[in-house]
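Below is one structure, written out as structure tokens; the observations come after it.
The values are calculated or read from the model by the stated rules, or taken from the named source; none is laboratory data. A quick note: this is a predicted structure, and the numbers were derived from the prediction, not measured. As a convention, Cβ positions derive from the backbone with ideal geometry for all residues, glycine included, and neighbour counts pool all protein chains shown. With ligands, DNA and RNA removed, areas are computed over all heavy atoms of the protein, side chains included. Shrake-Rupley method; radii C 1.70, N 1.55, O 1.52, S 1.80 Å.
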Amino acid sequence: MIVAANKVVKMHYSVMDNDGNSIDNSFGGEPLVFIVGTGYLISGLENALQGKQAGDTLSVKVEPEDGYGERHDHLMQAVPKSMFEGMEIEVGMQFRASTDDGDQSVMIIDIQDEEVIVDGNNPLAGITLNFDVEILEVRDASEDEMAHGHVHGEGGCGHDH
């Protein structure tokens, strides 16, 4: 069966940046399982999988515009340290912040005497991603999976809808 819209794909992957730093790797662990066309994967990787089948391996370079986008400096902001009063904060912590555009995930990237610098960019924004992929299985998504928008394991999806 060929990878296409509304197919369930089970695959292993590793991803590195252009400097060869490992970002994530499923080999030796649980494979990634998703429905093609539901927006679960970044477009650059999903597009490269189209037309492939179980047993195929591929290497894919995904530029930022087809991955997590470019970095935007206006998404970095200094906020008063007092906003975190009573909390033990450290660089790398992530929070949900209320903005004029709705809730957004931000990460603490620096802690200064009176201010905390937060970044609303995706941590992988602006990074070229290099994937190695092994497709393990391709099958039709069930009606329930399509209705729910995600893959179900043995015995259903394990939650109520």
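List of remarks:
- Within this structure, residue 112 fails the test of being out of contact with any Lys or Arg (no Cβ under 7 Å at 6 or more places or on another chain) and closer than 30 Å to residue 20 by Cα.
- Residues of segment 11-51 that turn out to be open to solvent by less than 70 Å² (accessible area, probe 1.4 Å), charged (D, E, K, R) and part of a loop (DSSP other than H, G, I, E, B), as a count: 1
- Hits in segment 52-75 - residues which are aliphatic (A, V, I, L, M) and either in a loop (DSSP other than H, G, I, E, B) or open to solvent by 70 Å² or more (accessible area, probe 1.4 Å) (or both): 54
- Taken as a whole, the condition of being modelled with pLDDT of 90 or more and not β-branched (Val, Ile, Thr) applies to residue 69.
- Among (1) in contact (Cβ under 8 Å) with a residue 12 or more places away in the chain; (2) over 22 Å from the mean Cα position of the chain (by Cα) - the single one residue 88 does not satisfy: (1)
- Of all residues in segment 76-90, those being more than 11 Å from residue 117 (Cβ to Cβ) and not in a strand (DSSP E or B) number 9.
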